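Data block below; observations after.
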Amino acid sequence: MGQLSHRSRPEARAALLFAFPALFTLAVFFFLPVLAAFVMSLSDFDVYSLADFRRARFVLFGNYARLFHDPLFWKATLNTLYFVAVAGPVTILLALACSLLLNSERLRGAQFFRLAVFLPVVTNMVAVAIVWRYLYHPHFGLINYGLRILGLQPVDWLGDPRLAMPAIIVLAVWKNFGYHTLIFLAGLQTIPEDLYHAARIDGASWLQQQIHVTLPQLSRTVGFVALLTAIGYLQLFAEPYVMTQGGPLNATLSLVLYLYQQGFRWWRMGYSASIAFVLFALMLVAGSAQFLLRRAERL
Amino acid sequence: MRGRRWKKGLLSAALHLAAALLALWSCFPFLWMLSASAMHPGEASQFPPRLVPESPTLEHYRALMERLSVGRYFLNSLILAIGVSAVSLMVNSMAGFAFSKFSFRGKRALFSVLLSTMIIPGQVTMLPVFLLLKHLHLLNTYFGILVPGMASVLGIFLVKQYLDGLPDSLLEAARIDGAGNWAIYWRIVLPLARPILATLALFTFVGTWNDFLWPLVVMTREDMYTLPVALATLMGEHTPDVELMMTGSVLTVAPIVIVFLLLQRHYLRGIWMGGLRE
């Protein structure tokens, strides 16, 4: 690597000066808070400690032990995993299909369609969740009106504990699949045309070409996107906050929503910090699963 | 021969139909939001549902601005989005420059430490940073969002990556002409890095505008709400006022849609570059 000057000590000083604002900010608002959060998760920091930090006492792993016996925490964890396990694959499969469609040479105006599917991605989750809350309205909502036209019974989407989470999943898929579609489109454009040509000479049908050429060529992109999706979906918050407040019967209570309620509504900040570390652990599991899969693939 | 062409035409029609349905499903909620925002009170809550207003009205836009001080929330969101973008652009590009064009001991190790922290979710640091800001009396101030958002590891990484690809000869020439480090940064590095900086600024702007959880925690006084926080609060009080809520949603969504449509080239480049996200 070429460098600006060969006098090493002044150079190091100059580099540190340039990096200082960023390093200082990251240290104060990121590195130290991670440590502080862990210490907090070992304490009974609550509303009384908020006035005077000295009131907090160490409880070691007491918070984590309490989580283990907290049915609401388990409910939130299972809800979150349910959301990730369904919304994740559905988003990715839909995006794969869409990217194949939008990548077709015969499609005119592909640019317009790309922008259209990407529009939900850049818009605000709160605003969009409010719009969908009305679309899901049991009496006046357009979704139930559509069902009625098809001759089906209207349903109380956000009021039925069995349907509330699926309703949120549909919203999340709608909001996010455009992002995945664009990433897959970028991946599709890197696949050499020769491969398809060779497959066609071998008499492969369109579907066979997709299975034997596209999918293997795209597998790295899909793996990367799957990890990003899992990490993003584990942080489910705004949708239930706006649409259901975690209800009905806690059917849409997510881990981050529970963490927020414990920490910033009831000011049980020590307990809340321990939920944050469980969330972090789940993300690490997702990350290492992806890592192991990639290694297994290479073997 | 004829049958073949006919089949091809049919296939093409099906393709365009599928794409059109896809676009409609993506855009329909926005179209309905826009339409309902121009309806008279109660018009969006009838059966069968109306798709277009009978006589369009701007009364909800007026009500939000005059009665519910949405202008103030809009301003808060705008100040924060512009402020965070400008300051973080400066801080991240300086650090990216330091990590790309200088050599010092422990550089590689320091950079790997920075990168490895990208997996730590914001929800972990949220509680201590909240207490710190409370202690510094920065809750309910613009600084409460501006200061923690000043530096981002991803931003530093992207700038470094971009500068690594630029030849050092340009900088060397300036140095021989007697330019100091600051002059090199300001007059050579920043102009050269313009494409990546534009992309980064755009992502930061959109991300800050759309952020919800952190402003919800930091801004508890009503006059400091950002648009999404105000909207979520308004939802609690005005649930039956569909048309009013849709108007608030339009005001929150429209600026970003306009910015995105105008600068889509820069935005999409960020996506191609590998998973940039709000």
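The values are calculated or read from the model by the stated rules, or taken from the named source; none is laboratory data. None of these values were measured; they are calculated from a predicted model. Cβ placement follows ideal geometry from the backbone for every residue including glycine, while neighbour counts extend to all protein chains displayed. Only protein heavy atoms, including side chains, enter the accessible area calculation; ligands, DNA and RNA are left aside. Shrake-Rupley method; radii C 1.70, N 1.55, O 1.52, S 1.80 Å.
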Applying the selection to the stretch A:247-288, what residues are farther than 15 Å from A:Ile231 by Cβ, without any contact (Cβ under 8 Å) to a residue 60 or more places away in the chain and aliphatic (A, V, I, L, M)? A:Leu259
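Would you check which residues across the stretch B:4-42 are under 26 Å from the mean Cα position of the chain (by Cα), open to solvent by 90 Å² or more (accessible area, probe 1.4 Å) and more than 14 Å from A:Cys98 (Cβ to Cβ) and list them?
B:Leu31, B:Leu34
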Can you pull out the helices (runs of 4 or more DSSP H) entirely within the stretch B:58-157 that have at least 1 residues that are within 8 Å of chain A (Cβ to nearest Cβ) and more than 18 Å from the chain's Cα centre (by Cα)? B:70-101, B:107-116, B:122-135
Within the stretch A:246-260, considering residues that are in contact with a Gly (Cβ under 8 Å, 6 or more places away or on another chain) and either hydroxyl-bearing (Ser, Thr, Tyr) or modelled with pLDDT under 95 (or both), the one surrounded by the most Cβ atoms within 10 Å (Cβ to Cβ): A:Ser254
Checking the condition touching a Ser or Thr at 6+ places or on another chain (Cβ under 7 Å), on the phi < 0 side of the Ramachandran plot and surrounded by 19 or more Cβ atoms within 10 Å (Cβ to Cβ), which residue from A:Thr123, A:Thr80 passes? A:Thr80
Select from the stretch A:104-114 the residues that are open to solvent by 30 Å² or more (accessible area, probe 1.4 Å) and either modelled with pLDDT of 90 or more or closer than 27 Å to A:Phe237 by Cα (or both) and list them in ascending order. A:Phe112, A:Arg114
Within the stretch A:163-195, how many residues are under 30 Å from A:Pro248 (Cβ atoms), within 11 Å of another protein chain (Cβ to nearest Cβ) and open to solvent by 30 Å² or more (accessible area, probe 1.4 Å)? 1
Subset of the stretch A:202-245 (residues that are aromatic (Phe, Trp, Tyr), assigned to a helix (DSSP H, G or I) and open to solvent by less than 20 Å² (accessible area, probe 1.4 Å)): A:Tyr233
Of the conditions (1) of a type in the set (D, E, K, R); (2) at the interface with chain B (Cβ under 9 Å from one of its Cβ atoms); (3) more than 20 Å from B:Val257 (Cβ to Cβ), A:Asp160 fails just one. Which one is it? (2)
I'm checking my understanding of the structure. Among residues of the stretch A:261-299 that are open to solvent by 50 Å² or more (accessible area, probe 1.4 Å) and either of a type in the set (Phe, Trp, Tyr) or within 10 Å of another protein chain (Cβ to nearest Cβ) (or both), which one is farthest from A:Gly246 (Cα to Cα)? A:Phe291
Residue match in the stretch A:236-245 (condition: within 11 Å of another protein chain (Cβ to nearest Cβ), within 30 Å of A:Asp46 (Cβ to Cβ) and of a type in the set (Gly, Ala, Ser)): yes
